[in-house]
Amino acid sequence: MIEKIRYFEKLAELLEPKAKDRDDTRRRVVEYGEQFLKGLKNANAYNAISDRGAPLLDSPISEEAEPAGIGELIELLKKNVDFPGLNPASGGHLGYIPGGGLYYSALGDYLAAVFNRYAAFFPIGPGAVTMENMLIRWMNDIFGFPQSAVGNLTTGGSLANLMAIVAARDSKNIHSGDVARSVVYMSEQAHHSFAKGLRIAGLRECKVRRIRVDGRYRMIADELERQIEMDKEDGLLPFFAVASAGTTNVGAIDPLEGIATICRTHGLWYHVDAAYGGFFILTEDGKKKLRGVELADSVTVDPHKGLFLPYGLGVILVKDKNALNTSHFDRAPYMATPPAPGDEPSPCDLSPELTKHFRGLRLWLPLKLHGVKPFRACLEEKLLLAKYFYGEIKKSGFEVGPEPDLSIVTYRYVPEAIADDLDKVNKFNEELLEAVNDCGKIFISGTTLEKKYTLRFACLSFRTHLETVDLLLETLKDKVAILKKAYCLDKAD
Ligand SMILES: *Cc1c(COP(=O)(O)O)cnc(C)c1O
């Protein structure tokens, strides 16, 4: 038996590379990262290719190590993962909600993985949990929540929204027999993660009232109140309302204070989805526009959007600690370490997860190394770039949506000769988007607003600056001219 153990031990030791191998592998990985970062300014924001990563399948996982080592694997990554499709690290990413990828976050993730501290449970990972809770208290402060509020670092905004739904369901005591009479409220423009979350939370049968929006795509608070009153008269159970603080579609901020008052009057759980817009509260203008967020019962924010982190970090903040606890607390004999007075709250008691990635470090490290100031400046810059784009695109003869609340602008081009034909105008703009994205340097996305296909300018990457916006403006003008020629709309227009 001992011989066998030794035999397996020898093989298992391969999992612990020697210092020299670590050195070599790390050097090549870091070099590859450097190569990518140095080339980023000239790299495409989007690469359309036909095989879309499929060659990865020709290199299956096998019993034996890759004979060519890390060099070959980097080549595989480079060609098949880091090339095709959208390049979210690019400042030319102006579609959907742009991402980021702060370098110091990557180093935070590196350290978190090397040390592998247990960030789920305070008694065994006290430092890691303290760091995560300190970050949550920092955010409580930013959003005007009391220090007694709790929260959790999630994988993203969708999970944070799901946790808000669950906390609301349990703290409003919605039992299975009540579900069909229960009502939730959100605007027509609310994020689709709520529709998903309600189903996951066992609330498939509850009634969802999509409250109408005004000309700026903000929820009409009066209609919310009227609907709640009607539902109450009908014997229904209104229990949960969502306001968006920056819709994904157009960046609109619902009337946060008005909705707060209505929720308080009628006893609803008030959730603010600030996944996209939340961190604009660090700016002067954003602070005013987000007034009322402090009145919410819970808030969702996404550092992997508004703080430019690499993907994988959302946050839920909840004022009533018991609410998250009721839904998520449990214990088992194999977690024998008893909590002591003065312990920090443990993430595993406030979220569906137990063992989890130590996500705090990827936020803490860049915040500590940079300070908050450059984050604030970057967000101010994004607001101004959106204003600038709005003014310039309007001057270029495009039809624009409402003035931006935050950093999203909607616009489309309406050639005069086909102005009365909605289908043709829609098609023109779809082709315009394709033509812009085919150039590669800029990636934009579109949406549909009142049946009109509309282009979106969504500015949130820390690598997007004035030159990027000017390049988009130039490209749009060029492509419109080319398309009009192709459509033979030149003279008529
Ligand atoms: C992005 C977004 C979400 C979802 O967040 P993920 O991090 O993508 O899961 C929810 N709400 C709004 C308003 C968003 O913009």
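The values are calculated or read from the model by the stated rules, or taken from the named source; none is laboratory data. Predicted model, so just to flag it, every value in this text is computed and none were measured. Glycine gets a Cβ as well: all are built from the backbone with ideal geometry, and neighbour counts include every protein chain shown. Heavy atoms of the whole protein, side chains included, go into the accessibility calculation; ligands, DNA and RNA do not. Shrake-Rupley method; radii C 1.70, N 1.55, O 1.52, S 1.80 Å.
Hey, can you tell me all the residues within segment 150-166 that are more than 7 Å from the ligand (Cβ to nearest atom), closer than 7 Å to residue 314 by Cβ and outside any loop (DSSP other than H, G, I, E, B)? I'd like the intermediate steps shown before the answer.
In the first step, residues of segment 150-166 are kept if they are more than 7 Å from the ligand (Cβ to nearest atom); the result is 150-155, 160, 162-166.
So of that shortlist, the ones also closer than 7 Å to residue 314 by Cβ come out as 154-155, 160.
The answer is 154, 160.
Looking only at segment 258-317, count how many residues are under 23 Å from residue 96 (Cα atoms) and away from the ligand (no atom under 16 Å from the Cβ).
Of all residues in segment 258-317, those under 23 Å from residue 96 (Cα atoms) come to 271-283, 285-286, 289-290, 299-316.
Of the ones still in play, those that are also away from the ligand (no atom under 16 Å from the Cβ) are 282-283, 285.
Counting residues in segment 258-317 that are under 23 Å from residue 96 (Cα atoms) and away from the ligand (no atom under 16 Å from the Cβ) gives 3.
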Note to self: Out of everything in segment 236-254 that is open to solvent by 10 Å² or more (accessible area, probe 1.4 Å) and more than 16 Å from the ligand (Cβ to nearest atom), what residue ends up being farthest from residue 302 (Cα to Cα)?
What the structure shows: 236
Checklist line | Test: residue 355 is of a type in the set (S, T, N, Q), away from the ligand (no atom under 16 Å from the Cβ) and either in a loop (DSSP other than H, G, I, E, B) or open to solvent by less than 10 Å² (accessible area, probe 1.4 Å) (or both) | finding: yes
Check: Is it true that some residue in segment 129-149 is assigned to a helix (DSSP H, G or I), within 16 Å of the ligand (Cβ to nearest atom) and either over 17 Å from residue 238 (Cβ atoms) or under 22 Å from the mean Cα position of the chain (by Cα) (or both)?
Finding: yes
Notebook entry, point to check: Could we say that residue 187 is hydroxyl-bearing (Ser, Thr, Tyr), over 23 Å from residue 307 (Cα atoms), within 14 Å of the ligand (Cβ to nearest atom) and touching a strand residue (DSSP E or B) at 6+ places or on another chain (Cβ under 6 Å) here?
Noted result: yes
Note to self: Can you tell me which condition residue 81 does not meet? The list is (1) of a type in the set (Val, Ile, Thr); (2) farther than 30 Å from residue 364 by Cα; (3) under 28 Å from the mean Cα position of the chain (by Cα), and all the others hold.
What the structure shows: (2)
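Which of the residues spanning segment 107-127 are in a helix (DSSP H, G or I) and in contact with a Leu (Cβ under 8 Å, 6 or more places away or on another chain)?
Residues of segment 107-127 in a helix (DSSP H, G or I): 107-115, 126-127.
Those that are in a helix (DSSP H, G or I) and in contact with a Leu (Cβ under 8 Å, 6 or more places away or on another chain): 107, 108, 109, 111, 112.
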Next item on the list: Determine if segment 80-92 includes at least one residue that is surrounded by 12 or more Cβ atoms within 10 Å (Cβ to Cβ) and hydroxyl-bearing (Ser, Thr, Tyr).
Entry: yes
Check: Give me the pairs: first residue in segment 211-235 and on the phi > 0 side of the Ramachandran plot and part of a strand (DSSP E or B), second residue at pLDDT 95 or above and surrounded by fewer than 14 Cβ atoms within 10 Å (Cβ to Cβ), beta-carbon distance under 9 Å, and six or more apart or on different chains, which are they?
Finding: none
Notebook entry, point to check: For residue 118, which of the numbered conditions (1) open to solvent by 60 Å² or more (accessible area, probe 1.4 Å); (2) within 16 Å of the ligand (Cβ to nearest atom); (3) closer than 15 Å to residue 344 by Cβ fails to hold?
Noted result: (2)
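Could you list, in sequence order, all residues of segment 144-175 that are modelled with pLDDT of 95 or more, open to solvent by 40 Å² or more (accessible area, probe 1.4 Å) and more than 21 Å from residue 307 (Cβ to Cβ)?
Filtering segment 144-175 for residues modelled with pLDDT of 95 or more gives 144-146, 149-175.
Adding the requirement that they be open to solvent by 40 Å² or more (accessible area, probe 1.4 Å) leaves 144, 146, 155, 158-159, 169-173, 175.
Matches in segment 144-175: 146, 169, 170, 171, 172, 173, 175.
Filter segment 399-423 down to residues that are assigned to a loop (DSSP other than H, G, I, E, B), under 23 Å from residue 485 (Cα atoms) and within 29 Å of the chain's Cα centre (by Cα), then give me how many there are. Break it down stepwise before answering.
Filtering segment 399-423 for residues assigned to a loop (DSSP other than H, G, I, E, B) gives 401-407, 413-415, 419-421.
With the extra rule that they be under 23 Å from residue 485 (Cα atoms), the set shrinks to 413-415, 419-421.
With the extra rule that they be within 29 Å of the chain's Cα centre (by Cα), the set shrinks to 413.
So the count comes out to 1.
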Check: Within segment 426-445, is even one residue surrounded by fewer than 22 Cβ atoms within 10 Å (Cβ to Cβ) and closer than 23 Å to residue 275 by Cβ?
Finding: yes
